[in-house]
Amino acid sequence: MDIEKLVRPNIKSLKPYSSARSLFTGNQAMLLDANENAFDLFGGSLNRYPDPLQSELKNKLAELKGVTPKNIFLGNGSDEAIDLLLRIFCQPGTDEVILCPPTYGMYEVMANIHGANIKKVLLSPDFQLRPDEILNQVNSSSRLLFLCSPNNPTGNLLISEHILELLGKFPSIVIVDEAYGDFNAVSWANKVGQFPNLVVLQTLSKAWGLAGLRLGMAIASEEIVQYLNAVKYPYNISRLNQTAALSALQSPEKMNEAVDLLNSERNELAKRLLQLSIVERVFPSDANFILVKFRNSSAVFEFLRKQNIIVRDRSKEPLCDNCLRLSIGRPEENQALFEALKSSD
Ligand SMILES: *Cc1c(COP(=O)(O)O)cnc(C)c1O
């Protein structure tokens, strides 16, 4: 696949901003190039611009993900990568993206911000892709196909054969959002060498417990990563952010322990919810939340809100009639949620 042909002409011919520090690799140089304050007034070298390409952090992530640093783009959350992919590939007013609802709401918001046309192909009733229906919607303006696995808000992994078929037949970029990938052992990240049109999104916001940090990534072919780097803000990841992320990544065992606990809490809560008569259905989940169909979701939502328990109402989403999305909390929170639901049963 010729990726360059899919890129907007203005981006193809873009001469990116060359940041002062991108040529600098050594440690000893006298830095008189970037009009920074020479005095480290507040400590932590915050008087200096951070590494624009986050080399140290990418080296560590590459090791953890089994890819090369050149396959990684880092953004202010994976939401930044979604934003930049639209800028690179979608000519406003002309080009199209395909979404598969019910899914993550930011794809549609970002596509609207960029003036991309949106085509929607609903998931099947068991929340799986319908590859034939998706491929039927393809035309010469199709640019991005957004897939989310495990899907938010439904929680299920998408069937691999469907993703594989779409990677082969969709004539443009296929984005696989793995925001919840660390909660299961399935990832497409190490397939980016095989599929030049594949972009895998991951984040430190969920399993790594760093939503407040704002660090997400796109894992893709070197060619796509180069375009992402060309359009991003030069210093998009702050020095504080890079330092904190690097420090957290030294302790993957903390992430793994939390994932094990949250997964077992999820399975336990799912089992217990089935005992309640207000619950009609608990959908299977490979993430740190479960989608639950109630007999009357708005009554349950209101009841919980009055008890100061906030959950996500997804009942207006297609295929999600009477559904609430429950994030898995700490054990005592899950217990309190269950007790509250039981008391209303
Ligand atoms: C939470 C979430 C993200 C968020 O990413 P950030 O890295 O925090 O911007 C992306 N995709 C999906 C499906 C999510 O649920």
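Values quoted throughout were computed directly from the atomic coordinates according to the rules given, and no laboratory measurement underlies them. What you are looking at is a predicted structure, and each value in this text was computed from that prediction instead of being measured. Heads up, the Cβs are rebuilt from the backbone with ideal geometry, glycines too, and the neighbour counts pull from every protein chain shown.
Quick rundown of the values:
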{"item": "Cα-based Rg of the range 1-97 normalised by 2.2 N^0.38 Å, two decimals", "result": "1.40"}
{"item": "Those residues of the range 310-345 whose amide nitrogen sits under 16 Å from the label point placed on N112, 7 Å along Cα→Cβ", "result": "316-318"}
{"item": "Ranked list, fewest to most other Cβ atoms within 10 Å of each Cβ, for S140, S187", "result": "S140, S187"}
{"item": "GNM top mover of R48, R87, R143 - the chain, alpha-carbon springs below 10 Å", "result": "R48"}
{"item": "Cysteines in the chain lacking a second Cys C-beta under 4.7 Å", "result": "C90, C100, C148"}
{"item": "Estimated 222 nm signal from helices in the chain, with DSSP H stretches of n ≥ 4 weighted -39500 (n - 2.57), rounded to 500", "result": "-10500 deg cm²/dmol"}
{"item": "Bins of 5 Å, starting at 0 and running to the largest distance - Cα pair percent for the range 220-345", "result": "2, 9, 16, 16, 13, 9, 9, 11, 9, 5, 1, 0"}
{"item": "Neighbour-count order for M110, M30, M1, fewest beta carbons within 10 angstrom listed first", "result": "M30, M1, M110"}
{"item": "FRET efficiency estimate (nearest 0.05) - Cβ-Cβ, N37 to K306, R0 51 angstrom", "result": "0.45"}
{"item": "Dimensions in Å of the chain - Rg and Dmax from alpha carbons", "result": "21.8, 71"}
{"item": "Inter-part distance where the range 312-336 and the range 139-199 are each reduced to a Cα centre, Å", "result": "25"}
{"item": "Gaussian network model of the chain, springs between alpha carbon atoms under 10 Å - residue of L201, L215, L269 with greatest fluctuation", "result": "L269"}
{"item": "Fluctuation leader among I113, I163, I219 - the chain, Gaussian network, Cα springs under 10 angstrom", "result": "I113"}
{"item": "Trypsin sites (Lys or Arg not before Pro) within the range 237-345: DSSP coil, no more than 13 neighbouring Cβ in 10 Å", "result": "R295, K316"}
{"item": "Label-point separation, N136 to N59 (7 Å along Cα→Cβ), nm", "result": "5.2"}
{"item": "Stretch gain in nm, segment L240-F338, where the contour uses 0.36 nm per residue and the Cα spacing is subtracted", "result": "31.4 nm"}
